[in-house]
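> To start, I am sharing the structure in question, which I have written as structure tokens.
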Amino acid sequence: MSATVWSQANFRGQRSTLTEGRHRLAHDVTDLISSVKVAEGFEAKLYDNNDFTGTEYLVNQDTPQLPDSINNKASSIVVYKKPVAAAAEDSEVYIFSAENGDNWFYFEDNTTDD
């Protein structure tokens, strides 16, 4: 698991676990993400458009409630390893992992009433 998204705040409701790469929310369940957990060493960038454009929000720690600017609005997500600073002579060089091809994802139906 690199990141898990939930349809409700506080990591409740339907969820989908995502691997590293680019993911688009299926059309019938778009705009449902309210909370996100990221595995250690990973980040997730959420976009409000299905083509990885528009309003974006970076998640670099577990987020029980997304801000209003992206809550229930995200339609695509990029999950990637956190950038690692590499020493260079007089500047910092950042190394990013490569992104995989686009992947569609769906929420699993495992809603609980905890």
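> Would a scan of segment 82-96 turn up a residue that is at pLDDT below 95, within 15 Å of Thr17 (Cα to Cα), aromatic (Phe, Trp, Tyr) and outside any loop (DSSP other than H, G, I, E, B)? Outline the logic, then answer.
At the first step, the residues of segment 82-96 found to be at pLDDT below 95 are 82-96.
Now drop any that are not within 15 Å of Thr17 (Cα to Cα), which leaves none.
No, every residue in segment 82-96 fails to be at pLDDT below 95, within 15 Å of Thr17 (Cα to Cα), aromatic (Phe, Trp, Tyr) and outside any loop (DSSP other than H, G, I, E, B).
> Show me the strands (runs of 3 or more DSSP E) found entirely inside segment 22-79 where at least 1 residues are within 16 Å of Asn10 (Cα to Cα).
Ranges flagged: 35-38, 56-59.
> Any residue in segment 48-59 that is in contact with a helix residue (DSSP H, G or I) (Cβ under 8 Å, 6 or more places away or on another chain) and within 17 Å of Glu20 (Cα to Cα)?
no
> Evaluate segment 35-44: report whether one residue or more is on the phi > 0 side of the Ramachandran plot, surrounded by fewer than 16 Cβ atoms within 10 Å (Cβ to Cβ) and not acidic (Asp, Glu).
Step one: list which residues in segment 35-44 are on the phi > 0 side of the Ramachandran plot, which gives 41.
The next check asks that each one be surrounded by fewer than 16 Cβ atoms within 10 Å (Cβ to Cβ); those that pass are 41.
Next cut, not acidic (Asp, Glu) only: 41.
Yes, because at least one residue in segment 35-44 is on the phi > 0 side of the Ramachandran plot, surrounded by fewer than 16 Cβ atoms within 10 Å (Cβ to Cβ) and not acidic (Asp, Glu).
> So, one more: Within the bounds of segment 41-52, is there any residue that is acidic (Asp, Glu) and modelled with pLDDT of 95 or more? Break it down into steps so the answer makes sense when it comes.
Taking segment 41-52 first, the residues acidic (Asp, Glu) are 43, 48, 51.
Of the ones still in play, those that are also modelled with pLDDT of 95 or more are 43.
Yes, there is a match, as at least one residue in segment 41-52 is acidic (Asp, Glu) and modelled with pLDDT of 95 or more.
> All but one of (1) modelled with pLDDT of 95 or more; (2) over 10 Å from the mean Cα position of the chain (by Cα); (3) within 15 Å of Gly21 (Cα to Cα) hold for Asp62; which doesn't?
Looking at each condition in turn, Asp62 falls short on (3).
> I'm trying to understand the selection: among the residues of segment 1-14, which are out of contact with any Pro (no Cβ under 7 Å at 6 or more places or on another chain) and either without any contact (Cβ under 8 Å) to a residue 60 or more places away in the chain or surrounded by 20 or more Cβ atoms within 10 Å (Cβ to Cβ) (or both)? So that I can check it myself, show each step before the final result.
First pass over segment 1-14, keeping only residues out of contact with any Pro (no Cβ under 7 Å at 6 or more places or on another chain): 1-8, 12-14.
Answer for segment 1-14, where residues must be out of contact with any Pro (no Cβ under 7 Å at 6 or more places or on another chain) and either without any contact (Cβ under 8 Å) to a residue 60 or more places away in the chain or surrounded by 20 or more Cβ atoms within 10 Å (Cβ to Cβ) (or both): Met1, Ala3, Thr4, Val5, Trp6, Gln8.
The values are calculated or read from the model by the stated rules, or taken from the named source; none is laboratory data. Remember, it's a predicted structure, so these values are computed and weren't measured experimentally. Note that we place each Cβ from the backbone using ideal geometry, even for glycine, and neighbour counts take in every protein chain shown.
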